[in-house]
Every structure is written in C-alpha cells, then in structure tokens.
Amino acid sequence: MKAANVVQLKKELETLDPEHLKTLCLRLARFKLENKELLTYLLFESEDEVYYIEGIKEEADLLFEDINTKSYFYIKKSVRKILRMLKKHARYSNNKETEVELLLYYCYKLKTFTPSIKNNVTLTNIYLKQIENIEKKIIKLHEDLQYDFRERLKNITE
C-alpha cells in the first residue's frame with residue numbers, strides 16, 4: 001500500500017466531520033508512542049513554549065544524572081540517546097528558537113559533564129557537531145535572537 005501525499009490527505013480531511021476526525025486522531029494515537037507525544041504537545045503544551053522547554057530540560061537533567069560513567073562506551077550511548085530525545089521534542093515544537101535553546105542546553109550539559117568529554121574523541125566530536133548545528137540554526141533566526149543566542153553560545157564554548 002502506497003501512502004497518500006500531504007496534499008491528498010489535507011483535501012480528504014477537509015471533507016470529514018469533526019466527530020469522524022476525532023475518531024481518526026485517537027486511532028492514530030493508539031499505534032505509536034511518537035504520535036501520542038505529538039498529540040499531547042499539540043493539545044496541552046503548545047500554548048506555553050517556555051514551560052515545554054523547561055520540562056524537556058528537566059527530563060534531560062534526569063537522563064544526564066543516570067549516565068553510567070564507568071566507561072566511555074556507556075557515556076556515548078547515553079549522550080546520543082539524550083540528543084535523539086531533544087531533537088524529537090524540538091521537531092514536535094517546529095520552532096527554531098526552541099531547537100536552538102535545547103541544543104544550547106545540551107552542549108552546556110556536555111561541557112560541564114564529568115568525566116570530561118575532552119578525554120574522548122567521539123564525545124568531543126558530538127559536542128563540536130552540535131555547536132556547528134547551533135551556529136547554522138542561529139543564522140535563520142531574527143537578529144535580536146541571533147545576538148542573544150550567539151552570546152550564550154560564546155559563553156558555553158569558552
């Protein structure tokens with residue numbers, strides 16, 4: 001079965017009554033955790049972006065605290081897992097400022113993590129790649145936000 005494109009789906013959804021649309025959304029939410037998370041964001045958290053960001057940061061803090069520091073192998077796995085989680089939540093928001101905010105926080109946590117990421121090439125490369133990504137995303141923002149985020153980035157990288 002070939003999936004319909006977005007234009008076709010949009011046209012079809014416009015023809016449906018609200019009750020049937022609600023049933024489809026609930027059925028879609030049953031199948032995948034990401035669908036439920038996106039629907040939760042859209043219904044409950046999209047109105048207060050600051051609260052949403054703080055919640056994600058708290059979740060990241062907990063994940064950073066739970067990292068097994070006995071081996072760099074486990075640290076790398078956990079750091080990548082946290083990055084995937086942050087990017088997934090940034091995708092739900094679809095807001096570039098939120099994405100930059102979360103990546104800045106991630107880089108800050110990596111920079112202050114003990115044992116130091118400087119002792120491992122892979123962790124350092126992950127950190128540098130995210131710094132690069134932040135710089136690319138900052139360019140697409142409003143000038144005032146660019147200045148604020150560049151200052152924060154400069155503080156992290158020093």
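The values are calculated or read from the model by the stated rules, or taken from the named source; none is laboratory data. Computed from a predicted model, the values in this text were never measured in an experiment. Cβ atoms come from the backbone with ideal geometry, glycine included; neighbour counts cover every protein chain shown.
Residue pairs whose Cβ atoms lie under 6 Å apart, sitting 6 or more positions apart in sequence or on different chains, and linking a residue in segment 90-116 that is farther than 15 Å from L62 by Cα to a partner that is among the polar types (S, T, N, Q) and buried (at least 17 other Cβ atoms within 10 Å of the Cβ), are A90/T98; L103/Q130; C107/Q130.
Residues in segment 125-158 that are of a type in the set (S, T, Y) and either modelled with pLDDT of 95 or more or over 25 Å from T114 (Cα atoms) (or both): Y127, Y147. When L145 is tested against (1) under 25 Å from S78 (Cβ atoms); (2) in contact (Cβ under 8 Å) with a residue 40 or more places away in the chain; (3) part of a helix (DSSP H, G or I), only condition (1) is not met. Pairs meeting the criteria (first residue in segment 49-78 and of a type in the set (S, T, N, Q), second residue assigned to a helix (DSSP H, G or I), beta carbons under 6 Å, at least 6 apart or on different chains) are N68/Y74.
For segment 104-125, a residue qualifies if it is farther than 25 Å from L145 by Cβ and β-branched (V, I, T), and the qualifying residues are T114, I117, V121, T122, T124.
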